[in-house]
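The values are calculated or read from the model by the stated rules, or taken from the named source; none is laboratory data. What you see is a predicted model, and the numbers here were worked out from it, not measured in a lab. Quick reminder, even Gly has a Cβ in these numbers, built from the backbone with ideal geometry, and neighbours come from all protein chains shown. Keep in mind that these areas ignore ligands, DNA and RNA; they rest on the heavy atoms of the full protein, side chains included. Shrake-Rupley method; radii C 1.70, N 1.55, O 1.52, S 1.80 Å.
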Amino acid sequence: MTAPTWDPQQYLRHADHRTRPFLDLLARIPDLPAAPAPRIADLGCGAGNVTVLLADRWPEARITGYDNSPQMLERAHAHAAPHLDFAEADATTWTPAEPHDLIVSNALLQWVPGHAGRFPAWLDAITPGGTFAFQVPGNFDQPSHVLMRELAASPRWRDRLAGELRHADAVLAPTAYLDALTAPGITADVWETTYLHLLPGPDPVLDWVKGTGLRPVLTALADDPEAREAFLTEYRDLLRTAYPQGPHGTVFPFRRIFAVARKEKR
Ligand SMILES: C[S@@+](CC[C@H](N)C(=O)[O-])C[C@H]1O[C@@H](n2cnc3c(N)ncnc32)[C@H](O)[C@@H]1O
């Protein structure tokens, strides 16, 4: 899979709906050690708008948001403050250089193959009483993704798009996350929620995935605007049938998986 190019402006078009799971995750993160100035990392911080919510809750914390997209980081830098900075890092190899009271990651790990293999290194860096918490989408078997993959694999597109899209194994089952996180001295809380996002306007599901799940296709076809528009038209028509517009908007069911792993205090 080619590394997708991100478009913060497109991603932030649904920021209200996208932020809600982060707020739900944040609500389950207990108070941190090293109060009032804990050390916090936000992995895959994107445009930095959710990293700011960490600074709102822990105003004296030292917080760094990490991402590997120059476009996202450029946007995130606008949120930098005396205790809040942003840096380039690849989550496939990032290892904390110092102990952290909280490592948090919202909607990143589905982009990191084999991410559960990184958990031991991240948990090692968590201070006693500290937390590692993340949220990932659990919607790869939903029409938005199935139709995208089927279209990409169809005769017209398969030569250009083979291998570009992720499958259901991009994330683990909630029980597998519970197993991966639970260890002596670590208590894990894993749950899932399906949000029924009610989206306004025409073709809102297409507009949503253009900010995230469709990035690999948009990136692969970036040098051929005609092909890009042709793919978008075909996919849009499929989405219109799968997600019909109702009297109050378009219902977009979205399952998400959450995990909060806390290290025992000594
Ligand atoms: C769906 S966005 C989520 C952004 C932010 N956490 C939020 O909740 O708004 C996924 C982010 O993960 C970043 N990302 C993807 N793969 C990454 C990797 N291997 N290392 C670091 N960041 C990565 C992308 O650049 C993008 O900003």
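Here are a few things to note about the model shown:
- Full extension of the chain between Val251 and Arg158 yields a length gain of 30.5 nm, computed as 0.36 nm times the residue separation minus the alpha carbon distance.
- The residue list Thr92, Ala15, Tyr243 was ranked by how far each Cα lies along the charge dipole of segment 8-263 toward its positive end, using unit charges on Cβ atoms, and Tyr243 comes out on top.
- Only Lys, Arg (+1) and Asp, Glu (-1) charged, at Cβ; segment 8-263 dipole about Cα centre in debye: 380 debye
- Summary of the geometry: segment 110-125 and segment 1-40, compared by the centres of their Cα atoms, lie 17 Å apart.
- Within the chain, the longest run free of exposed loop sites, counting GluC sites (Glu not before Pro) that sit outside DSSP helix and strand states (H, G, I, E, B) and have at most 14 other Cβ atoms within 10 Å, spans 61-263.
- Only Cα sites of segment 169-266 enter the Debye sum here, all with the same form factor; the resulting log10 I(q)/I(0) across q = 0.12 1/Å is -0.60, listed in q order.
- Per residue, the chain exposes 46 Å² of solvent-accessible protein surface, assessed with a 1.4 angstrom probe and all protein chains in place.
- Each label was represented as a point 7 Å from its Cα along the Cα-to-Cβ direction; for Thr182 and Glu88 these points are 4.1 nm apart.
- Subtracting the Cα-Cα distance of Thr19 and Asp31 from 0.36 nm times their residue separation leaves 2.3 nm of extension gain.
- Cα Rg, Dmax (largest Cα-Cα span) when computed across the chain, Å: 18.9, 60
- Relative to the longest principal axis of the Cα atoms of the chain, the long axis of helix 225-242 lies at roughly 80 degrees.
- Rolling a 1.4 angstrom probe over the chain with all protein chains present gives an accessible area of which 53% lies on carbon and sulfur atoms.
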